[in-house]
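A.B. asks: Attaching a single structure in structure tokens format; questions to follow.
Every read-out reported here was derived from the displayed coordinates using simple, explicitly stated rules and does not represent laboratory data. On a predicted model such as this, the values are computed, not experimentally measured, just so you know. FYI the Cβ positions are ideal-geometry reconstructions off the backbone, even for glycines, and counts take in every protein chain you see.
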Amino acid sequence: MKDLQELAAWLASRDTEHDPLRPTTLPDPTFISDGREFVSFSTNNYLALASSARVKARAAEGLQRFGVGNCESRLLGGNLEVYVALEAKLAAIKKKESALLFATGYLANLGVIPALVRSGQLARAYGYSPSTRWKHAFFSDEFNHLSIREGIRASGAPSFAYRHLDMDDLAGKLRASTAEIRIIITDGVFSQHGDIVPLPDMLALAEQYDAVVYIDDAHGTGVLGPTGAGTTEHFGIEDSRIIHMGTLSKAYGSIGGFVAVDEYVAGILRVSCPAYGFTSTIPPDQAYGLLEAIDMVVDEPERRIRLWENQRYFVRCMQEAGFTLSSTQTPIVPLHVGDEGACARLAGALRAEGVHVDAIMFPAIGPGDSRLRFIMNAHHTAEQIDHVVNLLSRLDVTRGTA
Ligand SMILES: Cc1ncc(COP(=O)(O)O)c(C=O)c1O
């Protein structure tokens, strides 16, 4: 393995690495690591549901009933009732007939995206002969999450990347395409940028070019919209062209991924998407906790209210301190740094003062486009926000030093 030894030595020589923290409590958003207290400005536990008393009590009920695992495929004996109940809840949130649960959001994209293209091919092994050999093509925002890009690659279908949020560029690419089945694919909220897809304009294009729209709403679900249902609710949109994808590992505070679709699509995916039927799903106690978390997003609206108050307060403080923020639309508020070494040094300087912020670098983002990704939380206090803005004001952001 000399190749890997050489690579490991090169990785170690870079000035962008630092030891991951080893938290002994969950960021909600304060946590303990190595005996010290930190406040996280990067946890996806937006609403602090993961360690809430209600979620823990419900998960404990699942734990008592089932233990820690499922140990069988949903397609065989592992189709526990709680998964069916969770899927029904997820389908209702996204106003679709059905939902399918996956072990993670990553796996949902990696499994479903190729299955949209390859389901017919797989069915041929069983004797199905399609009336037409459809030509598929993906139209993908250049900054879509890595799991989307991996899913598209695995599909084998051609993919056309359009400039970030640029609907004119998307229109040009749709116009030039000869594919019969066009799938526009986008993050709802962009995970490293914090901006929101212009969904009404995108759907107008989808209508014009008869395209499907696949929305990965990992960061919108639980956060956007009057009841926290996500990006479509934020825009007041319900559209049969949309395939919804989401994760359960962010605002809902647990683990898992899902798609919400029409029942005929769900029926096909259950048999044609190996990431659903040929791997295990989330443990039953997590599914119990999720049933509670999903209810809490709706019936404890004060959590979302506090999240957005904190977002507005942070943005205002940063702007008053002279920082230019590239996006202020959502609780993901990145501070662009550029140089990777400077970004890592900034994160290190903040950590030394008890503040954890993710330094986002290649391959999560393009080379030279690194950023500190602040994610606001319902449980942040004004003092914590003042503290991090004061710390940043004392640092040279372009060099990452004091
Ligand atoms: C936009 C987006 N899609 C998918 C995922 C994967 O989700 P999970 O962590 O649940 O696998 C993430 C997580 O980082 C994400 O940000």
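A.B. asks: Once you keep just the Cα pairs under 8 angstrom separated by 6 or more residues, what percentage relative contact order results for the stretch 260-402?
C.D. replies: Answer for the stretch 260-402 is 24 percent.
A.B. asks: Would you mind checking the tilt of helix 53-66 against the longest principal axis of the Cα atoms of the chain, expressed as 0 to 90 degrees and rounded to 10?
C.D. replies: 50 degrees
A.B. asks: At 0.36 nm per residue, and after removing the present C-alpha to C-alpha distance, how many nm does the segment from D239 to F323 gain when stretched out fully?
C.D. replies: Once the chain is fully extended between D239 and F323, it gains 26.4 nm.
A.B. asks: Okay, moving on. Calculated from DSSP H runs of 4 or more alone, at -39500 (n - 2.57) each and per residue, what is the 222 nm mean residue ellipticity of the chain, nearest 500?
C.D. replies: My calculation for the chain gives -13000 deg cm²/dmol from helical runs alone.
A.B. asks: What is the distance in Å between the Cα centroid of the stretch 185-222 and that of the stretch 118-142?
C.D. replies: 23 Å
A.B. asks: Further question on the same structure: Once you mark the chymotrypsin sites (Phe, Trp or Tyr not before Pro) that are in a DSSP loop and have at most 15 other Cβ atoms within 10 Å, what is the longest gap between them in the chain?
C.D. replies: That would be 135-277.
A.B. asks: Oh, and also: What number results when the radius of gyration of the stretch 253-402, computed over Cα atoms, is divided by 2.2 N^0.38 Å?
C.D. replies: In units of the globular-protein estimate, the stretch 253-402 measures up at 1.34.
A.B. asks: From the phi of every residue in the stretch 273-281, what ³J(HN,Hα) in whole Hz does the Karplus formula 6.51 cos²θ - 1.76 cosθ + 1.60 yield, where θ is phi - 60° and glycine or proline is x?
C.D. replies: For the stretch 273-281, the Karplus curve yields 10, x, 5, 8, x, 10, 8, 7, 9 Hz.
A.B. asks: What are the principal axis extents of the Cα atoms in the chain, in Å, biggest first?
C.D. replies: Principal-axis extents of the chain (Cα, largest first): 67, 54, 54 Å.
A.B. asks: Compute the helix-to-body angle for 105-124: its Cα long axis versus the longest principal axis of the chain, expressed 0 to 90° and rounded to tens.
C.D. replies: 20 degrees
A.B. asks: Based on the alpha-carbon gyration tensor of the stretch 36-78, what equivalent-ellipsoid semi-axes (square roots of 5 times the eigenvalues) come out, in whole Å, largest first?
C.D. replies: After scaling each eigenvalue by five and taking roots: 30, 14, 10 Å.
A.B. asks: While we're on this one: Around T279, what is the net charge, scoring Lys/Arg as +1 and Asp/Glu as -1 over all other residues with Cβ under 15 Å from its Cβ?
C.D. replies: +1
A.B. asks: Cut-off 10 angstrom, C-alpha nodes, Gaussian network model of the chain. Which of E340, E309, E320 fluctuates the most?
C.D. replies: Maximum among the listed residues: E320.
A.B. asks: Between the stretch 239-276 and the stretch 143-183, what is the separation of their alpha carbon centroids in Å?
C.D. replies: Each part reduced to its Cα centre gives a spacing of 20 Å.
A.B. asks: Moving on. Full extension from E61 to R399: what is 0.36 nm times the residue separation minus their Cα-Cα distance, to one decimal in nm?
C.D. replies: So the chain would gain 116.6 nm between E61 and R399.
A.B. asks: Additional query: Distance between the C-alpha centers of the stretch 42-62 and the stretch 306-329? Whole Å please.
C.D. replies: 26 Å
A.B. asks: As an exercise, use a Förster radius of 41 Å and the Cβ-Cβ distance of S129 and C71 to find the FRET efficiency, rounded to the nearest 0.05.
C.D. replies: 0.65
A.B. asks: A108: net charge of surrounding residues, Cβ under 12 Å, Lys/Arg +1, Asp/Glu -1, itself excluded?
C.D. replies: -3
A.B. asks: Here's a follow-up. Mind checking the angle between helix 382-393 and the chain's longest principal axis? C-alpha axes, 0 to 90 degrees, to the nearest 10.
C.D. replies: 70 degrees
A.B. asks: What's the longest uninterrupted piece of the chain once you rule out the trypsin sites (Lys or Arg not before Pro) that are loop residues per DSSP with at most 11 other Cβ within 10 Å?
C.D. replies: 134-393
A.B. asks: What number results when the radius of gyration of the stretch 1-125, computed over Cα atoms, is divided by 2.2 N^0.38 Å?
C.D. replies: 1.52
A.B. asks: Give me V259, V55 sorted ascending by neighbouring Cβ count inside 10 Å, so fewest comes first.
C.D. replies: V55, V259
A.B. asks: Could I ask something else about it? Within 11 Å, Cβ to Cβ, of M167, how many net charges do the neighbouring residues add up to if Lys/Arg are +1 and Asp/Glu are -1?
C.D. replies: That sum, taken over residues with Cβ under 11 Å, equals -3.
A.B. asks: Another question about this same structure. Nearest 0.05, what FRET efficiency do R54 and N79 give at R0 = 30 Å with Cβ-Cβ as r?
C.D. replies: 0.70
A.B. asks: Provide the percentage of antiparallel DSSP beta bridges, counting only those with both residues in the chain; round to the nearest 5.
C.D. replies: 55 percent
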